[in-house]
Amino acid sequence: YAYATGLSSGVVLAEGVQSGDPKKRAAYLGMLEAGSFKPPLAILKDAGVDLTKPEAVATAARLMDRTIQEMKAIFDRRATK
C-alpha cells in the first residue's frame, strides 16, 4: 500500500513539475518546505495529490501503460530486424 501510494504521488508530482506550470512547481516546493508541519495526506493534497480519490493511482497506471507500450514498440522493432 505505501509503495503504491508513494509511486502514484511521485508520478503526479513529477508530471506537474515537468508540465512547466509555475503553480504546480510552487505547490511541489511548498510540499518540500512543509516538513512535518501537517499530516502527510494534507501536505500531499496541498501539493495537488489527493489520495482520497482514485486520480493519482489512475495517473500512475497511465504512465505504466505508456511505458509498456513504448517497450513493446522497441521489442517489435528489434524483432523485425
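I need the full set of residues from region 5-22 which are open to solvent by less than 50 Å² (accessible area, probe 1.4 Å) and among the aliphatic types (A, V, I, L, M), in order please. Reasoning before the result, please.
Initially, region 5-22 is screened for residues open to solvent by less than 50 Å² (accessible area, probe 1.4 Å), giving 5-6, 8-14, 16.
Result: 11, 12, 13, 14.
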Inset, instruction - Could you tell me which of the residues 57, 12 is of a type outside the set (Phe, Trp, Tyr), under 15 Å from the mean Cα position of the chain (by Cα) and at pLDDT below 95? - result: 57
Inset, instruction - Answer yes or no as to whether residue 70 is of a type in the set (Asp, Glu), open to solvent by 100 Å² or more (accessible area, probe 1.4 Å) and assigned to a helix (DSSP H, G or I). - result: yes
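What are the residues in region 23-63 that are open to solvent by 90 Å² or more (accessible area, probe 1.4 Å) and farther than 15 Å from residue 8 by Cα, if any? Lay out the reasoning, then the answer.
Filtering region 23-63 down to residues open to solvent by 90 Å² or more (accessible area, probe 1.4 Å) leaves 23-25, 32-33, 36-37, 40-41, 45-46, 52-55, 62.
Listed by number, the residues that qualify are 23, 24, 25, 32, 33, 36, 37, 46.
The values are calculated or read from the model by the stated rules, or taken from the named source; none is laboratory data. Given the structure is predicted, the values throughout are model-derived calculations rather than measurements. Calculation scope for accessible area: heavy atoms of the full protein, side chains included, ligands and nucleic acids excluded. Shrake-Rupley method; radii C 1.70, N 1.55, O 1.52, S 1.80 Å.
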